[in-house]
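To start, the structure itself, in structure tokens.
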Amino acid sequence: MSEPSEYVPPKVWTWNNANGGRFAKTNRPVAGATHEKALPVGRHPLQLYSRGTPNGVKVTIMLEELLALGKSGAEYDAWLIDIGEGDQFGSGFVAVNPNSKIPALMDRSGPTPIRVFESGAILLYLAEKFGAFLPSEAAARAETLSWLFWQMGSAPYLGGGFGHFYAYAPTKIEYAIDRFAMEVKRQLDVLDRRLAESRYVAGDAYTIADIAIFPWYGGLAKGWQYGAAEFLAVQDYKHVQRWADMLLERPAVKRGRMVNRTSGEPASQLRERHDASDFGAKTQDKIAAAS
């Protein structure tokens, strides 16, 4: 272990945006809009404002799964929010989500639009609205919601904790990386032990628990996040790997992972989604790229 830093916290903390590293442009200690910008509105009942990060992917997978079940009311427009450019601080977005984080959803299917923010809340809202991916029996419902909230409570240690200090912080801090790597591996072990005894996270059925957990922990297991697969020895979590591979075979998961995506192979990106046919050209691009 390296020698402890000489840093002593000041009596009163003040913001120095130069200390923000990669995210100095968008991180700030106050809330609210920084500029006027209305949100676009498409023709479908559901309007999603998001980006293809793990939290955003939860919702696009959910919507594609609902459409695969024939729930036509789940048709949606997915508008790209460029968080690197501060779109989340526009007045229109802040009106939908005062926390200025993606994803945010507007349900315009009724006489009065309903806003829903926080990815777990959106999954729960959609599951109840459409009667899908959330068991009605008390014990199964409790198990599903317990794992849903496990993800909501655990993922900040993965993203804002381990991911930030391992991949993004301007200075590598041994204590911070060790602390959060230990916690992420503990979380992977929790999930691996559960999946050793259960086909899906909450039991025998595919639920919003799987949809919430997969983009974060399935993505970590498959090596998509932070370049940390070897560092965390993710291949050791065999049951998480089995589960992630199973979910990756679902067509709705494949489509949901494409929506609002701005990185990776061009054929895997669908920056905005306004109709099911938007996937058609991308599918042809992927076939051409593979040939």
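The values are calculated or read from the model by the stated rules, or taken from the named source; none is laboratory data. Every value quoted in this text rests on a predicted model; they were computed, and no experiment measured them. Here the Cβ is made from the backbone with ideal geometry for all residues, glycine too, and neighbour counts use every protein chain on show.
Residues in the range 106-135 that are under 24 Å from R28 (Cβ atoms) and touching a strand residue (DSSP E or B) at 6+ places or on another chain (Cβ under 8 Å): R115, F117.
Restricting the range 264-286 to residues that are of a type in the set (D, E, K, R), in a loop (DSSP other than H, G, I, E, B) and over 14 Å from L67 (Cβ atoms), the residue that is modelled with the lowest pLDDT is E265.
Among residues of the range 195-209 being among the hydrophobic types (A, V, I, L, M, F, W, C) and assigned to a loop (DSSP other than H, G, I, E, B), the one that is nearest to L145 (Cα to Cα) is A202.
For the range 153-180, filtered to residues that are out of contact with any helix residue (DSSP H, G or I) (no Cβ under 6 Å at 6 or more places or on another chain) and under 22 Å from A212 (Cα atoms), the residue that is surrounded by the most Cβ atoms within 10 Å (Cβ to Cβ) is G163.
Checking each residue in the range 222-263 for being of a type in the set (S, T, N, Q), surrounded by fewer than 20 Cβ atoms within 10 Å (Cβ to Cβ) and either modelled with pLDDT under 95 or within 16 Å of the chain's Cα centre (by Cα) (or both) picks out T262, S263.
Tell me which residues, restricted to the range 249-260, are in a helix (DSSP H, G or I) and either within 18 Å of A205 (Cβ to Cβ) or in contact (Cβ under 8 Å) with a residue 60 or more places away in the chain (or both).
So the first thing to find is which residues in the range 249-260 are in a helix (DSSP H, G or I), and the list is 251-258.
P251, A252, V253, R255, G256, R257, M258 - these are the residues of the range 249-260 that are in a helix (DSSP H, G or I) and either within 18 Å of A205 (Cβ to Cβ) or in contact (Cβ under 8 Å) with a residue 60 or more places away in the chain (or both).
Going through (1) more than 23 Å from G159 (Cβ to Cβ); (2) buried (at least 22 other Cβ atoms within 10 Å of the Cβ) one by one, L39 falls short only on (2).
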